[in-house]
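**Q** One structure is given below, represented as structure tokens, and several questions about it will come after.
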Amino acid sequence: MATQAFEEIVEDFEFLEDWEDRYRHVIDQGKAMAPLDEALKVPATKVHGCASQVWLHPIVEGGVFRFDGDSDALIVRGLISVLRALYNGVPVAQIGQVDARAELGRLGLNEHLSAQRSNGVRSMIERIRDVAAEHA
């Protein structure tokens, strides 16, 4: 169960054979993402368990989940962008059904991220799932 935006990233990755190109593509995705308003970079939006600074600002409107986010690390901004493609627009009641590990595995991210980055991604996913569960 993936959004159209995430499927587009999967298609892009199919054309990028070498991991370096995929890594650059993830970074470019992050660069293209609008920065999070500084007023939203507060302790309540900070994600703990990440090696870099990460903020996620979830929004639930009309039963639909979305979030904005930011990080001080380019690759992490890119990972936030990938997670936004995976989760934004999904009904809040279905967030828990998204198998993020399997979906990210389709991109090969599971094998190519450092342990610290993988922990950070897990922390971001947990935050997304927790917020969605509160609103479901």
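Values in this text are rule-based calculations from the coordinates and carry no lab data. Everything quoted here is computed from the prediction, not taken from an experiment. Cβ: placed from backbone, ideal geometry, glycine included. Neighbour counts: every protein chain shown.
**Q** Calculate the spin-label point distance for K41 paired with Q53, positioning each point 7 Å from the Cα along the beta-carbon direction, and give it in nanometres.
**A** 0.4 nm
**Q** Sticking with this one: List the residues whose amide H sits under 5 Å from the amide H of V64, counting only those 5 or more places along or on another chain, with H placed 1.01 Å from N in the peptide plane.
**A** Here the answer is V92, since their amide H atoms fall under 5 Å of that of V64.
**Q** Additional query: Just from its helices, what would the mean residue ellipticity at 222 nm be for the chain, if runs of 4 or more DSSP H residues each count -39500 (n - 2.57) and the sum is divided by every residue, rounded to the nearest 500 deg cm²/dmol?
**A** -16000 deg cm²/dmol
**Q** Sticking with this one: So, in Å, what gap is there between the alpha-carbon centers of the stretch 93-134 and the stretch 42-83?
**A** Using only Cα atoms to place each centre, the spacing works out to 12 Å.
**Q** Further, regarding this structure: Run the numbers for R106 and A34: contour at 0.36 nm per residue of separation, minus the present Cα-Cα distance, in nm.
**A** Full extension of this stretch gives 23.4 nm more.
**Q** Can you work out the Karplus-derived ³J(HN,Hα) for every residue in the stretch 56-67? Use 6.51 cos²θ - 1.76 cosθ + 1.60 with θ = phi - 60°, whole Hz, and x for glycine or proline.
**A** Once θ is set to phi - 60°, the couplings for the stretch 56-67 become 10, 10, x, 9, 10, 10, x, x, 10, 8, 7, 8 Hz.
**Q** Between Q4 and Q116, what FRET efficiency follows from the Cβ-Cβ distance if R0 is 30 Å, with the result rounded to 0.05?
**A** 0.45
**Q** Determine the dipole magnitude for the chain: charges of +1 sit on the beta-carbon of Lys and Arg, -1 on that of Asp and Glu, nothing else is charged, the reference point is the Cα centre, and the result goes in debye to the nearest 20.
**A** Magnitude of the dipole: close to 500 debye.
**Q** From the backbone phi of the stretch 75-92, what are the Karplus-calculated ³J(HN,Hα) couplings (6.51 cos²θ - 1.76 cosθ + 1.60, θ = phi - 60°) in whole Hz, Gly and Pro given as x?
**A** 5, 5, 4, x, 5, 4, 4, 5, 5, 4, 5, 6, 9, 5, x, 7, x, 4
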